[in-house]
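The values are calculated or read from the model by the stated rules, or taken from the named source; none is laboratory data. Computed from a predicted structure; not experimentally measured. Cβ sites come from the backbone with ideal geometry, for glycine too, and all protein chains shown count toward neighbours. Calculation scope for accessible area: heavy atoms of the full protein, side chains included, ligands and nucleic acids excluded. Shrake-Rupley method; radii C 1.70, N 1.55, O 1.52, S 1.80 Å.
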Amino acid sequence: MAPVNNIVQYNNNEHPPTFKVTVVGSGNWGSVASKLIASNTLKLSSFHDEVKMWVFEETLPSGEKLTDVINDTNENVKYLPGIKLGRNVVADPDLENAVRDANMLVFVTPHQFMEGICKKLIGKIRSDSQAISLIKGMEVKKEGPCMISTLISQQLGVNCCVLMGANIANEIAVEKFSEATVGYRGNREIAENWVQLFSTPYFMVSACQDVEGVELCGTLKNVVAIAAGFVDGLDMGNNTKAAIMRIGLREMKAFSKLLFSSVKDSTFFESCGVADLITTCLGGRNRKCAEAFAKNGGKRSFDELEAEMLQGQKLQGVSTAKEVYEVLKHKGWLEMFPLFTTVHEICTGRLPPTSIVEYSEHTPKFPLVGGPTAFP
Ligand SMILES: NC(=O)c1ccc[n+]([C@@H]2O[C@H](COP(=O)([O-])OP(=O)(O)OC[C@H]3O[C@@H](n4cnc5c(N)ncnc54)[C@H](O)[C@@H]3O)[C@@H](O)[C@H]2O)c1
Ligand SMILES: O=P(O)(O)OC[C@H](O)CO
């Protein structure tokens, strides 16, 4: 399409773009996701070039508003400094305004804020909207666990896919090769549209018809990352860390399948599964803060360490460990999941960090190295 005197003209063979994207969230991963998407909307004729990015507004130490600085410099100076997002990314602090024209909504905020965000969006989005969640976490309700994609679907009445994977944002920001998995249910065409929107030569995305499995992998690996951080903080070495990762993967798979019998074994071999578990236990923020927690003998709280070490970025693993613990307790499954249980008990100070490989009387001794019959 060619702009003539600022009016966009279409020739006979060209259709106006169908899809307009808004990214709800502008943290570390939210900013990188906006950059990936914006590079593609410029190339794909079915998408409008402009990508709106909703910013939870804050005032920087300079006294300037973060949104103004992003729009002036094309950089999220707080959450992704040094990276240009693409001139077609437009930051907007007004949530309602940011989503008004969009029909492809990308949700990427820390999970604890999503319930409030959904409430504000009820009745405010286009009726033909599709959604995708890049959020690793879950909510626990009276009725039981609720995945974030389910929260979005139920509250907003939209179909919601998920995108998870071995995706440390700072590495993708500098275009180092990574993979990701789009989880979907039902319509493959919609999933393919998301795959197209995110894929670049350095970000290889594939689709998997197992939305619960993909989302639970992304959510639960953060609990295992906390355990891996404890092992690092206690200088226990690589063998111990590998053992923790193996046991963690077993618990991830068992928990997912107990909650949703539809979860597929093969999902755990996708980027969202074993690959994300490895990268997060080697280089993630949950691992880093848990290492500091263990080095301090559990005497400095995770809240304090998060504020000091992450400068506004948020951990998901500590709250996810609590949410998983609530589910296990409610279902009577605590004894089947000693790693998940122990991580929560260490985070809350009920057990010392060294307990990650020592089991007290109230945690069972067997399943940490459990045989094949310990789980379904
Ligand atoms: N950073 C990564 O490497 C990475 C990679 C893959 C997935 N994820 C997942 O993506 C999700 C978002 O992570 P992120 O790295 O973009 O965020 P982040 O950790 O950088 O969190 C900071 C963001 O939270 C916002 N925020 C703070 N208080 C808020 C409030 N009250 N309401 C709404 N927003 C508020 C901040 O404005 C900022 O945008 C998480 O679930 C995370 O697990 C992160
Ligand atoms: O830095 P973390 O621990 O939040 O992990 C980041 C991503 O989820 C890794 O894929």
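Would a scan of the range 13-30 turn up a residue that is within 19 Å of Val174 (Cα to Cα), modelled with pLDDT of 95 or more, part of a helix (DSSP H, G or I) and away from ligand 2 (no atom under 16 Å from the Cβ)?
No: the range 13-30 contains no residue that is within 19 Å of Val174 (Cα to Cα), modelled with pLDDT of 95 or more, part of a helix (DSSP H, G or I) and away from ligand 2 (no atom under 16 Å from the Cβ).
For the range 281-306, how many residues are within 12 Å of ligand 1 (Cβ to nearest atom) and over 16 Å from the mean Cα position of the chain (by Cα)?
3
Each row is one residue, and each column tells you yes or no for (1) of a type outside the set (S, T, N, Q); (2) surrounded by fewer than 22 Cβ atoms within 10 Å (Cβ to Cβ); (3) touching a Phe, Trp or Tyr at 6+ places or on another chain (Cβ under 7 Å).
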residue	(1), (2), (3)
Val90	yes, yes, no
Val108	yes, no, yes
His111	yes, no, no
Ile117	yes, yes, no
Thr150	no, yes, no
Asn187	no, yes, no
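What is the number of the single condition among (1) free of Cβ contacts under 8 Å to residues at least 60 places away in the same chain; (2) farther than 29 Å from Val327 by Cα; (3) among the hydrophobic types (A, V, I, L, M, F, W, C); (4) buried (at least 20 other Cβ atoms within 10 Å of the Cβ) that Trp194 does not meet?
(1)
Among Lys253, Lys221, Lys176, Lys264, which is open to solvent by less than 30 Å² (accessible area, probe 1.4 Å) and of a type in the set (Lys, Arg)?
Lys221
For residues that are within 14 Å of ligand 2 (Cβ to nearest atom) and open to solvent by 20 Å² or more (accessible area, probe 1.4 Å), scanning just the range 317-346, find the one that is nearest to Pro145 (Cα to Cα).
Ranking the candidates gives Ser319 first.
Specify the residue that is farthest from ligand 2 (Cβ to nearest atom); the eligible residues are those in the range 60-85 that are part of a helix (DSSP H, G or I) and open to solvent by less than 80 Å² (accessible area, probe 1.4 Å).
Asn71
Which pairs do you get when a residue that is of a type in the set (Ser, Thr, Tyr), found in the range 83-109, comes within reach of a residue that is assigned to a strand (DSSP E or B), reach meaning Cβ atoms under 9 angstrom, with the pair 6+ apart or on two chains?
Pairs that qualify, where the first residue is of a type in the set (Ser, Thr, Tyr) and the partner is assigned to a strand (DSSP E or B), are Thr109/Val24; Thr109/Trp54.
Return a yes/no flag: does the range 174-194 have any residue that is at pLDDT below 95 and over 19 Å from the mean Cα position of the chain (by Cα).
Checked the range 174-194: at least one residue is at pLDDT below 95 and over 19 Å from the mean Cα position of the chain (by Cα).
In the range 171-186, which residues are more than 9 Å from ligand 2 (Cβ to nearest atom) and of a type in the set (S, T, N, Q)?
Within the range 171-186, just Thr181 meets the criteria.
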